[in-house]
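> Shown below is the structure under consideration.
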Amino acid sequence: LARPASSCARAAVSALAPSGYNLGAAVGWRRFAVSGDVSKVKDADPALGGRETAIVGVTYSLNNRLTTRLALGTERSTDKPLPALRKADNMSLDAGASYSLSRRIAVTGGVRYQIERDRISALNDDRRDSQAVYIGTAFKF
């Protein structure tokens, strides 16, 4: 049996339903800036649930070349995913800096630390997977 064209159109529209968003804002005054981001992602499979994330950051420019940054973030599960598939809630701290080599090129670096709450580890593993040191470059166009 062939389906009517209206049911096919409804199925196509429901397939385009949004599954997540990411909103960010920043306010600056002189050398100081405050930024915030909120995001929500819903998985297509209801057994996995979704994730919500919030990040608040502070940036301060010491001079024309050096800028420092501190950000706090949190992430949690939404809905009610299956317990075996549920990702742990976590918090993170990010401290970094940027040094401008020229008007268009900067060197960045920092430290990121993440704490996973309510995590049950399968093995006793003493490695620190949630700590990171990063360096990189930034190009302005």
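> Straight-line reach from residue 80: which lysines have Cα under 24 Å away, leaving out those fewer than 8 places along the same chain?
Correct list for residue 80: 40, 42.
> A follow-up question, please. Just check segment 28-80 against the gyration tensor rule for me: Cα atoms, a ≥ b ≥ c as the square roots of the eigenvalues, rounded for a/c under 1.5, and otherwise prolate or oblate depending on whether a/b exceeds b/c.
Here segment 28-80 falls in the prolate category.
> How much accessible area does residue 37 have with a 1.4 Å probe, in Å² rounded to the nearest 10?
Estimated to the nearest 10 Å², residue 37 gives 70 Å².
> Sticking with this one: At 0.36 nm per residue, minus the direct Cα-Cα distance, what do residue 80 and residue 29 gain on full extension? Give it in nm, one decimal, please.
Between residue 80 and residue 29, full extension yields an extra 14.2 nm.
> Same structure, new question: For residue 101 and residue 58 in the same chain, what is the full-extension length gain: residue separation times 0.36 nm, less their Cα-Cα distance, in nm?
Difference between extended and current length: 13.3 nm.
> Compute the length gained on full extension between residue 43 and residue 88: take 0.36 nm times their separation in residues and subtract their Cα-Cα distance, giving the result in nm to one decimal.
14.6 nm
The values are calculated or read from the model by the stated rules, or taken from the named source; none is laboratory data. Keep in mind the model is a prediction, meaning the values are calculated, not measured. Accessible surface is based on the protein model in full, side chains and every heavy atom, while ligands, DNA and RNA are left aside. Shrake-Rupley method; radii C 1.70, N 1.55, O 1.52, S 1.80 Å.
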